[in-house]
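Down below is the structure, laid out as C-alpha coordinates.
The values are calculated or read from the model by the stated rules, or taken from the named source; none is laboratory data. As the structure is a prediction and not an experimental result, all values here were calculated from the model. Cβ: placed from backbone, ideal geometry, glycine included. Neighbour counts: every protein chain shown.
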Amino acid sequence: MATAEVQPDIKAKTMQAVVLEKYGSEDNLSLETVARPKITADQVLIRVHAASVNPIDWKLRQGMLKWVMPDQLPGVLGFDVSGEIVEVGYSARQQGWSVGDEVMAFSSKTLGGGYAEFLDVDAAYIVRKPEGFSYEESAGIPLAATTAWKSLVKLGQLRDGDDVLINGASGGVGTFAVQIAKALGARVTAVCSSDNHDLVRSLGADEVIDYHSTPFTRIDHSFDIVFDAVSKSTFRDCRRLLKPAGHYVATLPSVENVGFSVFSKLQKQSCHVVLARPDGPTLKALAALANEGKLRTIIDSVYPLNDVAAAHHKSQGGHVVGKVILNVVPDLPFQETNQD
(Lines give C-alpha, C1' and ligand atoms only; values in the text may rest on other atoms or scores of the structure.)
Protein backbone atom coordinates (compact mmCIF):
# COMPACT_ATOMS: atom_id res chain seq x y z
CA MET A 1 0.00 0.00 0.00
CA ALA A 2 1.40 3.37 -1.02
CA THR A 3 1.63 6.03 1.68
CA ALA A 4 1.61 9.78 1.16
CA GLU A 5 4.78 11.70 1.83
CA VAL A 6 2.94 14.15 4.09
CA GLN A 7 0.68 12.47 6.65
CA PRO A 8 -2.64 14.16 7.53
CA ASP A 9 -3.19 15.64 10.96
CA ILE A 10 -6.01 13.46 12.24
CA LYS A 11 -6.87 16.01 14.94
CA ALA A 12 -7.07 18.96 12.56
CA LYS A 13 -10.44 20.68 12.43
CA THR A 14 -9.85 22.60 9.19
CA MET A 15 -8.71 21.89 5.64
CA GLN A 16 -8.09 23.63 2.33
CA ALA A 17 -10.92 23.57 -0.18
CA VAL A 18 -11.93 25.41 -3.34
CA VAL A 19 -15.09 27.35 -2.48
CA LEU A 20 -17.62 28.73 -4.95
CA GLU A 21 -19.16 31.80 -3.32
CA LYS A 22 -21.52 32.81 -6.13
CA TYR A 23 -22.47 31.75 -9.65
CA GLY A 24 -20.39 33.08 -12.51
CA SER A 25 -16.91 32.77 -13.99
CA GLU A 26 -14.02 30.59 -12.83
CA ASP A 27 -12.71 33.65 -10.97
CA ASN A 28 -15.43 32.98 -8.39
CA LEU A 29 -13.53 29.87 -7.26
CA SER A 30 -11.18 30.54 -4.35
CA LEU A 31 -8.94 28.35 -2.19
CA GLU A 32 -10.02 28.83 1.41
CA THR A 33 -9.66 27.30 4.85
CA VAL A 34 -12.90 25.59 5.85
CA ALA A 35 -14.12 23.14 8.48
CA ARG A 36 -13.09 19.56 7.89
CA PRO A 37 -16.04 17.18 7.43
CA LYS A 38 -17.28 14.95 10.24
CA ILE A 39 -18.39 11.47 9.25
CA THR A 40 -21.44 9.44 10.23
CA ALA A 41 -21.49 5.73 10.99
CA ASP A 42 -22.13 4.88 7.33
CA GLN A 43 -19.31 7.04 5.98
CA VAL A 44 -15.56 7.16 5.54
CA LEU A 45 -13.31 10.22 5.43
CA ILE A 46 -11.02 10.26 2.41
CA ARG A 47 -7.83 12.22 2.24
CA VAL A 48 -8.18 13.33 -1.37
CA HIS A 49 -5.12 12.87 -3.58
CA ALA A 50 -6.84 13.70 -6.87
CA ALA A 51 -10.21 14.99 -8.01
CA SER A 52 -11.82 15.13 -11.43
CA VAL A 53 -13.15 18.19 -13.28
CA ASN A 54 -16.33 17.42 -15.23
CA PRO A 55 -18.48 19.65 -17.44
CA ILE A 56 -21.23 19.49 -14.82
CA ASP A 57 -18.86 21.34 -12.46
CA TRP A 58 -18.58 24.47 -14.58
CA LYS A 59 -22.25 24.26 -15.53
CA LEU A 60 -23.08 24.29 -11.82
CA ARG A 61 -20.57 27.12 -11.32
CA GLN A 62 -22.29 29.20 -14.00
CA GLY A 63 -25.73 28.52 -12.52
CA MET A 64 -26.89 26.66 -15.64
CA LEU A 65 -28.41 23.83 -13.58
CA LYS A 66 -30.16 25.85 -10.87
CA TRP A 67 -33.48 24.45 -12.11
CA VAL A 68 -32.17 20.89 -11.64
CA MET A 69 -30.21 21.28 -8.40
CA PRO A 70 -31.12 23.58 -5.50
CA ASP A 71 -28.94 26.53 -4.57
CA GLN A 72 -26.26 25.34 -2.14
CA LEU A 73 -23.83 28.26 -2.22
CA PRO A 74 -21.31 28.85 -0.87
CA GLY A 75 -20.16 25.32 -1.58
CA VAL A 76 -17.45 23.02 -2.87
CA LEU A 77 -17.66 21.39 -6.31
CA GLY A 78 -16.26 18.04 -7.45
CA PHE A 79 -18.10 14.71 -7.58
CA ASP A 80 -15.32 12.17 -8.04
CA VAL A 81 -12.10 11.68 -6.12
CA SER A 82 -9.42 9.17 -5.34
CA GLY A 83 -7.40 8.97 -2.16
CA GLU A 84 -6.83 7.10 1.07
CA ILE A 85 -9.23 6.50 3.95
CA VAL A 86 -8.22 8.25 7.18
CA GLU A 87 -11.38 7.71 9.26
CA VAL A 88 -14.02 4.97 9.18
CA GLY A 89 -17.51 5.03 10.65
CA TYR A 90 -18.75 2.04 12.64
CA SER A 91 -21.12 0.70 9.94
CA ALA A 92 -18.56 1.31 7.21
CA ARG A 93 -16.03 -0.68 9.23
CA GLN A 94 -18.47 -3.59 9.32
CA GLN A 95 -18.47 -3.47 5.52
CA GLY A 96 -14.74 -4.15 5.51
CA TRP A 97 -13.28 -0.66 5.14
CA SER A 98 -10.15 0.32 7.07
CA VAL A 99 -7.87 3.30 7.56
CA GLY A 100 -5.25 3.28 4.81
CA ASP A 101 -7.43 1.72 2.12
CA GLU A 102 -6.85 3.35 -1.29
CA VAL A 103 -10.19 4.10 -2.94
CA MET A 104 -12.07 6.03 -5.58
CA ALA A 105 -15.45 7.56 -4.82
CA PHE A 106 -18.52 9.21 -6.34
CA SER A 107 -19.85 11.82 -3.91
CA SER A 108 -23.61 12.07 -3.33
CA LYS A 109 -23.46 15.67 -2.08
CA THR A 110 -25.46 18.22 -4.08
CA LEU A 111 -22.33 20.00 -5.35
CA GLY A 112 -19.88 17.13 -4.77
CA GLY A 113 -17.36 18.51 -2.30
CA GLY A 114 -14.34 16.87 -3.91
CA TYR A 115 -12.21 19.98 -4.56
CA ALA A 116 -10.82 19.67 -1.05
CA GLU A 117 -8.17 17.97 1.05
CA PHE A 118 -10.76 15.73 2.72
CA LEU A 119 -14.16 14.37 1.66
CA ASP A 120 -16.78 12.48 3.64
CA VAL A 121 -18.44 9.80 1.47
CA ASP A 122 -21.04 7.12 2.08
CA ALA A 123 -19.32 3.73 2.09
CA ALA A 124 -21.86 2.56 -0.50
CA TYR A 125 -20.27 4.84 -3.08
CA ILE A 126 -16.60 3.89 -2.79
CA VAL A 127 -14.56 1.06 -4.30
CA ARG A 128 -10.92 0.13 -4.06
CA LYS A 129 -8.62 1.94 -6.45
CA PRO A 130 -8.03 -0.31 -9.48
CA GLU A 131 -4.76 -2.23 -9.35
CA GLY A 132 -1.95 -0.37 -11.08
CA PHE A 133 -3.96 2.84 -11.48
CA SER A 134 -2.59 6.14 -10.20
CA TYR A 135 -4.74 8.38 -8.03
CA GLU A 136 -5.18 10.69 -11.03
CA GLU A 137 -6.35 7.84 -13.27
CA SER A 138 -8.74 6.54 -10.62
CA ALA A 139 -10.24 9.99 -9.93
CA GLY A 140 -11.24 10.26 -13.59
CA ILE A 141 -13.49 7.20 -13.50
CA PRO A 142 -16.53 7.59 -11.19
CA LEU A 143 -18.79 10.24 -12.74
CA ALA A 144 -17.77 10.04 -16.39
CA ALA A 145 -17.67 6.25 -16.59
CA THR A 146 -20.91 5.93 -14.59
CA THR A 147 -22.54 8.32 -17.08
CA ALA A 148 -21.34 6.15 -19.96
CA TRP A 149 -22.46 2.92 -18.25
CA LYS A 150 -25.90 4.23 -17.39
CA SER A 151 -26.38 5.63 -20.91
CA LEU A 152 -25.42 2.41 -22.66
CA VAL A 153 -26.38 -0.38 -20.28
CA LYS A 154 -29.36 0.94 -18.33
CA LEU A 155 -30.99 3.40 -20.73
CA GLY A 156 -29.71 1.99 -24.03
CA GLN A 157 -30.20 -1.64 -22.91
CA LEU A 158 -26.93 -2.60 -24.57
CA ARG A 159 -26.63 -6.24 -25.62
CA ASP A 160 -23.85 -8.29 -27.14
CA GLY A 161 -23.73 -7.63 -30.87
CA ASP A 162 -25.50 -4.25 -30.77
CA ASP A 163 -24.49 -1.53 -33.21
CA VAL A 164 -23.62 1.63 -31.24
CA LEU A 165 -22.74 5.17 -32.34
CA ILE A 166 -20.94 7.42 -29.85
CA ASN A 167 -20.70 11.14 -30.59
CA GLY A 168 -17.93 12.91 -28.70
CA ALA A 169 -15.94 9.69 -28.46
CA SER A 170 -12.66 11.37 -27.51
CA GLY A 171 -14.07 13.28 -24.52
CA GLY A 172 -14.22 12.30 -20.87
CA VAL A 173 -17.48 10.36 -21.09
CA GLY A 174 -16.92 9.28 -24.69
CA THR A 175 -13.58 7.54 -24.09
CA PHE A 176 -15.20 5.42 -21.37
CA ALA A 177 -18.29 4.77 -23.51
CA VAL A 178 -16.20 3.34 -26.35
CA GLN A 179 -14.41 0.98 -23.96
CA ILE A 180 -17.56 -0.11 -22.12
CA ALA A 181 -19.44 -0.79 -25.35
CA LYS A 182 -16.57 -2.90 -26.70
CA ALA A 183 -16.13 -4.77 -23.41
CA LEU A 184 -19.82 -5.75 -23.57
CA GLY A 185 -19.62 -6.97 -27.16
CA ALA A 186 -20.93 -4.04 -29.23
CA ARG A 187 -19.76 -2.82 -32.61
CA VAL A 188 -18.78 0.83 -32.12
CA THR A 189 -18.86 3.75 -34.53
CA ALA A 190 -17.04 6.68 -32.93
CA VAL A 191 -17.47 10.35 -33.89
CA CYS A 192 -14.65 12.79 -33.11
CA SER A 193 -12.12 15.04 -34.83
CA SER A 194 -9.55 13.46 -37.13
CA ASP A 195 -6.79 14.35 -34.64
CA ASN A 196 -8.19 11.77 -32.23
CA HIS A 197 -9.01 8.90 -34.59
CA ASP A 198 -5.96 6.86 -33.59
CA LEU A 199 -6.82 7.30 -29.91
CA VAL A 200 -10.42 6.09 -30.18
CA ARG A 201 -9.34 3.18 -32.40
CA SER A 202 -6.89 2.20 -29.66
CA LEU A 203 -9.85 2.14 -27.26
CA GLY A 204 -11.66 -0.32 -29.54
CA ALA A 205 -13.73 1.71 -32.00
CA ASP A 206 -14.52 -0.29 -35.16
CA GLU A 207 -15.24 2.72 -37.33
CA VAL A 208 -14.41 6.41 -36.85
CA ILE A 209 -16.16 9.42 -38.37
CA ASP A 210 -14.62 12.90 -38.59
CA TYR A 211 -17.41 15.28 -37.62
CA HIS A 212 -15.69 18.13 -39.48
CA SER A 213 -16.14 16.41 -42.84
CA THR A 214 -19.18 14.18 -42.25
CA PRO A 215 -22.10 15.20 -39.99
CA PHE A 216 -22.94 11.94 -38.26
CA THR A 217 -26.67 12.63 -38.43
CA ARG A 218 -26.46 12.27 -42.23
CA ILE A 219 -24.70 8.91 -42.48
CA ASP A 220 -26.53 6.00 -44.09
CA HIS A 221 -26.53 3.44 -41.30
CA SER A 222 -28.84 2.38 -38.47
CA PHE A 223 -27.94 1.76 -34.86
CA ASP A 224 -29.37 0.08 -31.78
CA ILE A 225 -28.03 2.95 -29.67
CA VAL A 226 -27.04 6.51 -30.54
CA PHE A 227 -25.25 8.03 -27.55
CA ASP A 228 -24.47 11.72 -27.86
CA ALA A 229 -21.93 12.16 -25.08
CA VAL A 230 -21.55 15.88 -25.83
CA SER A 231 -25.23 16.65 -26.56
CA LYS A 232 -24.68 18.29 -29.94
CA SER A 233 -27.82 16.70 -31.41
CA THR A 234 -31.45 15.99 -30.60
CA PHE A 235 -33.71 12.97 -30.85
CA ARG A 236 -35.29 14.63 -33.88
CA ASP A 237 -31.85 14.83 -35.57
CA CYS A 238 -30.99 11.20 -34.85
CA ARG A 239 -34.29 9.38 -35.17
CA ARG A 240 -33.56 8.30 -38.74
CA LEU A 241 -30.34 6.62 -37.50
CA LEU A 242 -32.17 4.44 -35.00
CA LYS A 243 -33.36 0.93 -35.66
CA PRO A 244 -37.13 0.40 -35.13
CA ALA A 245 -36.60 -0.23 -31.39
CA GLY A 246 -33.44 1.85 -31.04
CA HIS A 247 -32.45 4.12 -28.15
CA TYR A 248 -31.16 7.70 -28.28
CA VAL A 249 -29.34 9.00 -25.18
CA ALA A 250 -28.05 12.54 -24.56
CA THR A 251 -26.16 14.02 -21.62
CA LEU A 252 -27.74 17.48 -21.53
CA PRO A 253 -31.33 18.03 -20.30
CA SER A 254 -32.39 20.44 -23.06
CA VAL A 255 -36.07 21.33 -23.23
CA GLU A 256 -36.40 19.57 -26.60
CA ASN A 257 -34.78 16.32 -25.49
CA VAL A 258 -36.72 16.25 -22.23
CA GLY A 259 -39.91 16.72 -24.23
CA PHE A 260 -38.99 13.94 -26.63
CA SER A 261 -38.14 11.64 -23.70
CA VAL A 262 -41.73 11.96 -22.49
CA PHE A 263 -43.22 11.62 -25.97
CA SER A 264 -41.09 8.59 -26.89
CA LYS A 265 -42.51 6.52 -24.02
CA LEU A 266 -45.42 5.86 -26.36
CA GLN A 267 -43.08 4.81 -29.21
CA LYS A 268 -40.78 1.86 -29.89
CA GLN A 269 -37.85 4.21 -30.47
CA SER A 270 -36.87 5.85 -27.19
CA CYS A 271 -35.23 9.11 -26.14
CA HIS A 272 -33.41 9.47 -22.83
CA VAL A 273 -31.51 12.19 -20.99
CA VAL A 274 -28.90 10.81 -18.60
CA LEU A 275 -28.05 12.35 -15.25
CA ALA A 276 -25.58 10.12 -13.46
CA ARG A 277 -25.94 9.69 -9.72
CA PRO A 278 -23.74 7.68 -7.34
CA ASP A 279 -24.37 3.98 -7.86
CA GLY A 280 -22.36 1.43 -5.89
CA PRO A 281 -22.99 -1.62 -8.11
CA THR A 282 -22.09 0.35 -11.24
CA LEU A 283 -18.88 1.63 -9.66
CA LYS A 284 -17.95 -1.96 -8.73
CA ALA A 285 -18.61 -3.09 -12.31
CA LEU A 286 -16.38 -0.29 -13.63
CA ALA A 287 -13.60 -1.14 -11.18
CA ALA A 288 -13.83 -4.77 -12.28
CA LEU A 289 -13.42 -3.76 -15.95
CA ALA A 290 -10.40 -1.63 -14.99
CA ASN A 291 -8.83 -4.50 -13.06
CA GLU A 292 -9.40 -6.77 -16.08
CA GLY A 293 -7.54 -4.34 -18.32
CA LYS A 294 -10.71 -3.43 -20.26
CA LEU A 295 -11.02 0.15 -19.02
CA ARG A 296 -8.39 2.87 -18.78
CA THR A 297 -8.47 6.58 -18.12
CA ILE A 298 -7.28 8.98 -20.80
CA ILE A 299 -5.88 12.06 -19.08
CA ASP A 300 -5.73 15.32 -21.00
CA SER A 301 -4.13 17.45 -18.30
CA VAL A 302 -3.44 17.66 -14.57
CA TYR A 303 -3.59 20.91 -12.57
CA PRO A 304 -2.70 21.65 -8.93
CA LEU A 305 -5.67 22.45 -6.69
CA ASN A 306 -4.73 26.13 -6.49
CA ASP A 307 -4.95 26.38 -10.30
CA VAL A 308 -8.55 25.18 -10.43
CA ALA A 309 -9.62 28.21 -12.49
CA ALA A 310 -7.29 27.12 -15.30
CA ALA A 311 -8.66 23.57 -15.05
CA HIS A 312 -12.22 24.89 -15.45
CA HIS A 313 -11.14 27.08 -18.36
CA LYS A 314 -9.59 24.02 -20.03
CA SER A 315 -12.70 21.89 -19.53
CA GLN A 316 -15.03 24.63 -20.68
CA GLY A 317 -13.03 25.10 -23.89
CA GLY A 318 -14.72 22.05 -25.36
CA HIS A 319 -11.69 20.31 -26.88
CA VAL A 320 -10.58 18.15 -23.95
CA VAL A 321 -9.32 14.69 -24.88
CA GLY A 322 -10.25 12.43 -21.98
CA LYS A 323 -10.19 13.87 -18.49
CA VAL A 324 -9.02 17.03 -16.70
CA ILE A 325 -7.70 16.18 -13.23
CA LEU A 326 -6.90 18.20 -10.10
CA ASN A 327 -3.86 17.16 -8.11
CA VAL A 328 -4.97 17.84 -4.54
CA VAL A 329 -1.99 16.55 -2.55
CA PRO A 330 0.52 19.42 -2.96
CA ASP A 331 3.69 17.34 -2.58
CA LEU A 332 2.88 14.99 -5.51
CA PRO A 333 4.77 15.88 -8.72
CA PHE A 334 2.84 18.11 -11.10
CA GLN A 335 2.43 16.77 -14.61
CA GLU A 336 0.51 17.77 -17.67
CA THR A 337 -0.03 15.68 -20.78
CA ASN A 338 -2.15 16.38 -23.81
CA GLN A 339 -3.49 13.81 -26.21
CA ASP A 340 -4.26 16.38 -28.96
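For the range 40-55, which residues satisfy the criterion of being crowded, with 22+ Cβ neighbours inside 10 Å and of a type in the set (A, V, I, L, M, F, W, C)?
Of everything in the range 40-55, those that are crowded, with 22+ Cβ neighbours inside 10 Å and of a type in the set (A, V, I, L, M, F, W, C) turn out to be VAL44, LEU45, ILE46, VAL48, ALA50, ALA51, VAL53.
Restricting to the range 294-318, what's the tally of residues that are in contact with an Asp or Glu (Cβ under 7 Å, 6 or more places away or on another chain) and under 30 Å from VAL191 (Cβ atoms)?
Of the residues in the range 294-318, 6 are in contact with an Asp or Glu (Cβ under 7 Å, 6 or more places away or on another chain) and under 30 Å from VAL191 (Cβ atoms).
Filter the range 143-162 for residues that are surrounded by fewer than 19 Cβ atoms within 10 Å (Cβ to Cβ) and either touching a His at 6+ places or on another chain (Cβ under 8 Å) or not aliphatic (A, V, I, L, M) (or both) and give the result.
Across the range 143-162, the qualifying residues are LYS154, GLN157, ARG159, ASP160, GLY161.
If you check LEU326, LEU289, LEU295, which single one turns out to be farther than 22 Å from ASN28 by Cα and outside any loop (DSSP other than H, G, I, E, B)?
LEU289
Can THR175 be described as modelled with pLDDT of 95 or more, under 30 Å from GLU84 (Cβ atoms) and among the hydroxyl-bearing types (Ser, Thr, Tyr)?
So THR175 fits the description; yes.
Quick check on this structure: which one of ASP27, ASP42 is modelled with pLDDT of 95 or more and more than 22 Å from the chain's Cα centre (by Cα)?
Result of the check over ASP27, ASP42: ASP42.
Suppose we filter GLY63, GLY78, GLY83 for residues that are assigned by TED's automatic domain parsing to the domain that holds ALA309 and at pLDDT below 95; which single one remains?
After applying the criteria, what remains is GLY63.
For the range 195-223, give me each residue that is surrounded by fewer than 13 Cβ atoms within 10 Å (Cβ to Cβ) and either over 16 Å from VAL321 (Cβ atoms) or modelled with pLDDT under 95 (or both).
Across the range 195-223, the qualifying residues are HIS212, SER213, THR214, ARG218, ASP220, HIS221.
For ALA35, which of the numbered conditions (1) at pLDDT 95 or above; (2) surrounded by 14 or more Cβ atoms within 10 Å (Cβ to Cβ) fails to hold?
Of the numbered conditions (1) at pLDDT 95 or above; (2) surrounded by 14 or more Cβ atoms within 10 Å (Cβ to Cβ), the odd one out for ALA35 is (2).
So which of GLY174, GLY185 is touching a residue at least 24 places away in the same chain (Cβ under 8 Å) and more than 24 Å from GLY317 (Cβ to Cβ)?
GLY185
Would the range 142-153 turn up any residue that is more than 26 Å from ASN327 (Cα to Cα), charged (D, E, K, R), in contact (Cβ under 8 Å) with a residue 24 or more places away in the chain and part of a helix (DSSP H, G or I)?
yes
Which one of these is farther than 18 Å from VAL273 by Cα, in contact with a Lys or Arg (Cβ under 6 Å, 6 or more places away or on another chain) and of a type outside the set (Ser, Thr, Tyr): ALA205, ALA183?
Of ALA205, ALA183, the one residue that is farther than 18 Å from VAL273 by Cα, in contact with a Lys or Arg (Cβ under 6 Å, 6 or more places away or on another chain) and of a type outside the set (Ser, Thr, Tyr) is ALA183.
Kindly list the number of the only condition in (1) touching a Phe, Trp or Tyr at 6+ places or on another chain (Cβ under 7 Å); (2) in contact (Cβ under 8 Å) with a residue 40 or more places away in the chain; (3) not in a loop (DSSP other than H, G, I, E, B) that fails for PRO278.
(3)
Any idea which of GLY140, GLY132, GLY96, GLY112 is on the phi > 0 side of the Ramachandran plot and crowded, with 24+ Cβ neighbours inside 10 Å?
So the residue among GLY140, GLY132, GLY96, GLY112 that is on the phi > 0 side of the Ramachandran plot and crowded, with 24+ Cβ neighbours inside 10 Å is GLY112.
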